[in-house]
Amino acid sequence: MPKRSPREDLPWPVAPVPDVPEFSGLLTTDEVVGRLDRWHGELDHWLHIWRKRDATFYRRLPKVVRQTRELLQRAEELLPEDVHVTHGVEKRSTLANYHNLLARALGETLGWAAGAEADREFRQARSLAPEVSAYWYSHVRYLILGGRICEALEEINAVDPRIIRNEQESIAQQVVNWALAYREIGFGIRADILKQCIALVSQVGTGLLVRGCPLPHPPGHRWGRTEILRVLWAGMQCSIPVDELCRREGIDQATYYRWRRRYLPPEWGLEPALV
């Protein structure tokens, strides 16, 4: 079990894990749906609030795993396949929610070992609801936190386009952030995915790729390749004129275009990214 330093922003001790209520065959479908929804919310809230709190958190995680497995089993047994007709909730979405919750709890409990059970649960959630971006994001983040950057890059390059389209700038910005933070992702990501993400970020109109650099850079500043990529990708945004970007970064436009010829494929051209 990994040892983590306690969080300083929460002065109170870790709250106990809420106990899951009993399920029986006498419950109506309304009651089953209500209990499943409520207790998914309770366990998800506990896992989110107390995440990485202290040793007490890790001692209580196995109970969260057991309860989530119990609720997942109850959902499979008690929810009819046509529940969406009468109650407006899909069985596959409910099951995907619990697989995702179980994967997160297992990831905290078992650590980041390759082939861990958490991987299977993440993939099960995604197979049940491939269009839901939260499951894809949780899995890629899990891989990155575990140092499995190459696997994360494979997941990003194989992403379902619906995920990026559905969430637009929030997922797009996260993909760009990963590409900037990790060299393997920044230099291995597929060009069409990166261009789509940059174009969606551009629609926000706030220049999210330009991150408060000093104006200008000090003399003799040595630019790293990842920092150069950040500047080039910022220049691809429709909302950032190149002359303004160069002024904010403390470089001249000749340097910008030299970097562009050196680091970006020529087929990308010089125009901003467009969806």
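Computed quantities for the displayed model
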| item | result |
| --- | --- |
| Close pairs (6 angstrom Cβ cut-off, 6 or more residues apart or separate chains): charged (D, E, K, R) in the stretch 153-167, surrounded by 16 or more Cβ atoms within 10 Å (Cβ to Cβ) anywhere | E155/V140; E167/S133 |
| The stretch 105-121, subset in contact with a helix residue (DSSP H, G or I) (Cβ under 6 Å, 6 or more places away or on another chain) and either in a helix (DSSP H, G or I) or over 24 Å from Q73 (Cβ atoms) (or both), residue modelled with the lowest pLDDT | T109 |
| Hey, R141 of a type in the set (K, R) and touching a helix residue (DSSP H, G or I) at 6+ places or on another chain (Cβ under 8 Å) or not | no |
| Matching residues, the stretch 178-193, being assigned to a helix (DSSP H, G or I) and within 18 Å of C150 (Cβ to Cβ) | W178, A179, L180, A181, R183, E184, I185, G186, F187, G188, I193 |
| Count - residues of the stretch 245-263 that are outside any helix (DSSP H, G or I), in contact with a helix residue (DSSP H, G or I) (Cβ under 9 Å, 6 or more places away or on another chain) and surrounded by fewer than 18 Cβ atoms within 10 Å (Cβ to Cβ) | 1 |
| Residue identified as in a helix (DSSP H, G or I), modelled with pLDDT under 85 and more than 14 Å from the chain's Cα centre (by Cα) among Q124, Q196 | Q196 |
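The values are calculated or read from the model by the stated rules, or taken from the named source; none is laboratory data. What you are looking at is a predicted structure, and each value in this text was computed from that prediction instead of being measured. Quick reminder, even Gly has a Cβ in these numbers, built from the backbone with ideal geometry, and neighbours come from all protein chains shown.
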